[in-house]
Structures are given as C-alpha cells and as structure tokens.
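S.K.: Okay, handing you the structure first.
The values are calculated or read from the model by the stated rules, or taken from the named source; none is laboratory data. If you're wondering where the values come from, they're calculated on a predicted model, not measured in any experiment. We place every Cβ from the backbone using ideal geometry, glycine too, and count neighbours over all the protein chains shown. Heads up: the accessible areas ignore ligands, DNA and RNA and are worked out on the full protein's heavy atoms, side chains in. Shrake-Rupley method; radii C 1.70, N 1.55, O 1.52, S 1.80 Å.
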Amino acid sequence: MEGGVHLSEIRIEPIKPDCEKSSPKKRVAYYTRLFGGDVTDVDLEAKKKYFMEMLEEHQDWSSAGIYADERATNDRRTALNRLIEDAEAGEIDMVAVNNLTEFDDDMEDAVKLVQRLKELPKPVEVYLLCLALDSSDPMHDFVIRTMDWTAKAMRDTLRTRAESASSFCC
C-alpha cells in the first residue's frame, strides 16, 4: 500500500472512563451550638466525635472544620459569622447541621441563611443531618418551606391565643 498506513500500524489507545478520575472531596463544615456552662467541653467533644464518624461514612467528604457557638450567646454568633465568611471566600462546599435551629431559633431567619448560602457565586449546600437531606436534593426546598410555614403558623396561632386570652382578663 503506497503512501498510506496499513491497519496493523495503527495503535489504538484504550479510552479510560471518567469514573477513574478522582473527583475532589466536598469540603464540609459542621456547625453547631453548644449548651454552655460546665457541659460545653463534653458537648463539644461528643460533637467532634460525631463529625469524625460522619466523615468516615461519607468517603467523598473532607473536613472544612467545626464551627461552634454557645446557645447562651445567641447575639454573638462569632463562629457562624466566621463560617459565612469562609463560605463566601469559597473555602466550604457544604455545611452540615443537625437541624435548622442550629442556624437560628427563628425558622424564617434560618431559611434565609440557607438561601443566602445557596445563592453565593460558589453555592454552598446545606446538609440536614436530622433528615439526611442536602440542599441539592429537590425535596430539600419542599421540606424547608414546609418547616418554615409550620413555624409561622404556630407563631401566628400562639399570638392569636395570647391576644384572645388577654381580652378575657380584667
């Protein structure tokens, strides 16, 4: 065969599937609030152990740190503020919390924080440990909105009962 290449001279390299490429691990931060007082150290050690066990269960996660505030200092949430700054800086891929009230006792504010994290230029997922549900799951928004609606309905009901009770006094 003149001027051409014979089939026996062609070398075909095997195509490696994408699954052989290792994808980077999600940098997961754990946020919690501690009870305060004498139990703080015990509480923090238990939560550290829990987070380490969680990392072992999820091989695609790596630790981005534990951020912990005391519940008694609700107005000075220095760890939460630091977590938000680190998330905005792109240092965190996901925040794991036991439940939304870790972010804030006011469910509406907690939901706003979840939205804020999801809307960052590099979106940060929120993983609710109590439900094993992360914000990339389509059910997450439904669950969050349901929790928010329920909290608002309960608050409105309590307010109405308190107002009607006060009208019976004196």
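S.K.: Do you know which residues across region 80-95 are crowded, with 18+ Cβ neighbours inside 10 Å, more than 24 Å from Lys152 (Cβ to Cβ) and touching a Phe, Trp or Tyr at 6+ places or on another chain (Cβ under 7 Å)?
M.R.: Leu83, Met94
S.K.: Condition test on Arg116, is it charged (D, E, K, R) and over 14 Å from the mean Cα position of the chain (by Cα)?
M.R.: no
S.K.: Considering each residue of region 96-150, count those that are open to solvent by 30 Å² or more (accessible area, probe 1.4 Å), charged (D, E, K, R) and either closer than 22 Å to Gly65 by Cα or not in a helix (DSSP H, G or I) (or both), and give that number.
M.R.: Qualifying residue count, region 96-150: 10.
S.K.: I'm trying to understand the selection: among the residues of region 117-138, which are among the charged types (D, E, K, R) and touching a residue at least 24 places away in the same chain (Cβ under 8 Å)?
M.R.: Lys122, Glu125, Asp134
S.K.: Kindly indicate whether Ser166 is surrounded by fewer than 17 Cβ atoms within 10 Å (Cβ to Cβ), within 15 Å of the chain's Cα centre (by Cα) and at pLDDT below 85.
M.R.: Criteria not met by Ser166.
S.K.: What number of residues within region 54-83 are part of a helix (DSSP H, G or I) and touching a residue at least 12 places away in the same chain (Cβ under 8 Å)?
M.R.: Matching residues across region 54-83 total 9.
S.K.: Let me ask something else. Could you check how many residues of region 92-109 are under 13 Å from the mean Cα position of the chain (by Cα) and without any contact (Cβ under 8 Å) to a residue 24 or more places away in the chain?
M.R.: Residues flagged as under 13 Å from the mean Cα position of the chain (by Cα) and without any contact (Cβ under 8 Å) to a residue 24 or more places away in the chain within region 92-109 amount to 1.
S.K.: Then there is this: Looking at region 34-62, which of the residues that are open to solvent by less than 80 Å² (accessible area, probe 1.4 Å) and of a type in the set (Ser, Thr, Tyr) is modelled with the lowest pLDDT?
M.R.: Restricting to residues being open to solvent by less than 80 Å² (accessible area, probe 1.4 Å) and of a type in the set (Ser, Thr, Tyr), the top hit is Thr40.
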